[in-house]
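Novice: Mind looking over this structure? Questions follow.
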């Protein structure tokens, strides 16, 4: 399917403020970026680089006063994320080197605290994909997905003690539980077609059967186009903007995803 995505951010600051942005899309296994627009108003110099996880990042200094960022893109995406029940567990010594960082505990995913819990949750599952699916089912059954309920970023251990959470929190818990089983898991932030209420979305991917597969405890299935913006160990790696120094006020944020009848002309 073809999707058109857009994200608009409006800021206000009393002084010029350095920002690190992560808003540009890249083509990958299940998405192809055909057209992209990225507008800074007022226009300021931007320096782009690729971070250790392959994300496209931009460094700017936002001027004092009001400042806006508007992005849009036309993307070909899969109708649904791939699933593969029974996909095998890959032993650590056989994992690709670039998956190793996603095995380790991180700031918001303290996987070393979930060893016993994760083992008990998957005791009746074959190793690999089916273990990840069991983890997602546990999260879906025990934690209510309540968009907008959590402004503060919390860790997987904190999420596990609560009865409601946002998508980011539920992804943190899934990642920590997978890593506790020696399954590489990473956070993804991006767009999901027909998400209600519409916003940027977070889910996680796990490396089983020789590739990354999508898991999302907030949704009953994996139907609908997904567009990844950024990948990382947890939310600290995938913030769409990071400010430095004097706080900058986010006045508004508007996210849209719509299906296109076909490729852009």
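FYI, it's all coordinate maths here, none of it is from the lab. Just so it is clear, the structure is predicted and the values come from calculations on it, not from any experiment. Every residue, glycine among them, receives a Cβ derived from its backbone with ideal geometry; neighbour counts consider all protein chains shown.
Novice: Using a simple spin-label model with points 7 Å from Cα along the Cα→Cβ vector, what separation in nm is obtained for residue 41 and residue 153?
Specialist: 2.9
Novice: What is the diffusion coefficient of segment 92-237 in µm²/s, taking the Kirkwood radius over Cα pairs and the Stokes-Einstein relation at 20 °C with a viscosity of 1.002 mPa s?
Specialist: Using the Kirkwood radius from Cα pairs, D works out to 143 µm²/s.
Novice: Could I ask something else about it? 222 nm [θ] for the chain, helices only, -39500 (n - 2.57) per DSSP H run of 4+, per residue, to 500? Could you put the intermediate results ahead of the total?
Specialist: Numbers: 4 runs with 39 residues, N = 265.
Value at 222 nm, helices only, nearest 500: -4500 deg cm²/dmol.
Novice: For segment 123-164 and segment 58-80, write down the distance between their C-alpha centroids in whole Å.
Specialist: So the two Cα centres are separated by 30 Å.
Novice: Go through 50-62, 227-239, 31-43 and give me the packing order, highest mean Cβ count within 10 Å leading.
Specialist: 227-239, 50-62, 31-43
Novice: While we're looking at this one, here's another question. To the nearest Å, what is the center-to-center distance of segment 1-52 and segment 205-265, using C-alpha atoms only?
Specialist: If you average the Cα positions of each part, the centres end up 13 Å apart.
Novice: So, one more: Just need the relative contact order of segment 1-132 here, percent rounded to a whole number, with Cα pairs under 8 Å and 6+ apart.
Specialist: Relative contact order comes out at 31 percent.
Novice: Where does helix 129-142 land angle-wise versus the long Cα axis of the chain, in degrees 0 to 90, nearest 10?
Specialist: Here the helix axis deviates by roughly 70 degrees.
Novice: Expressed as an acute angle from 0 to 90° and rounded to the nearest 10, what is the orientation of the C-alpha long axis of helix 167-180 relative to the principal long axis of the chain?
Specialist: With both axes taken from Cα atoms, the answer is about 40 degrees.
Novice: Report the gain in length on full extension from residue 78 to residue 255: 0.36 nm times residue separation, minus Cα-Cα distance, nm rounded to one decimal.
Specialist: On the way: separation 177, 0.36 × 177 = 63.72 nm, distance 1.99 nm.
Gain on stretching residue 78 to residue 255: 61.7 nm.
Novice: Can you tell me the length gained on complete extension of the stretch residue 34 to residue 50, counting 0.36 nm per residue apart and subtracting the Cα distance? Working shown, then result.
Specialist: Values: separation 16, 0.36 × 16 = 5.76 nm, distance 1.98 nm.
Computed gain between residue 34 and residue 50 is 3.8 nm.
Novice: Over segment 41-161, what number does the Rg to Rh ratio reach, with both radii from the alpha-carbon atoms and Rh per Kirkwood?
Specialist: For segment 41-161, the value is 1.05.
Novice: Moving on to the next point. So what is the relative contact order of the chain, in percent, for Cα pairs below 8 Å that sit 6 or more residues apart?
Specialist: Relative contact order for the chain comes out at 30 percent.
Novice: What is the fewest-to-most order of 123, 6 by other Cβ atoms lying within 10 Å of their Cβ?
Specialist: Listed from fewest to most nearby Cβ atoms, that is 123, 6.
Novice: Does anything in segment 222-258 have its amide N under 14 Å from the 7 Å Cα→Cβ label point of residue 10, and if so which residues?
Specialist: 249-255
Novice: Report which label in (1) 1.06; (2) 0.97; (3) 0.93 holds the value of Rg/Rh (Cα atoms, Kirkwood Rh) derived from the coordinates of this structure.
Specialist: The value computed from this structure is option (2).
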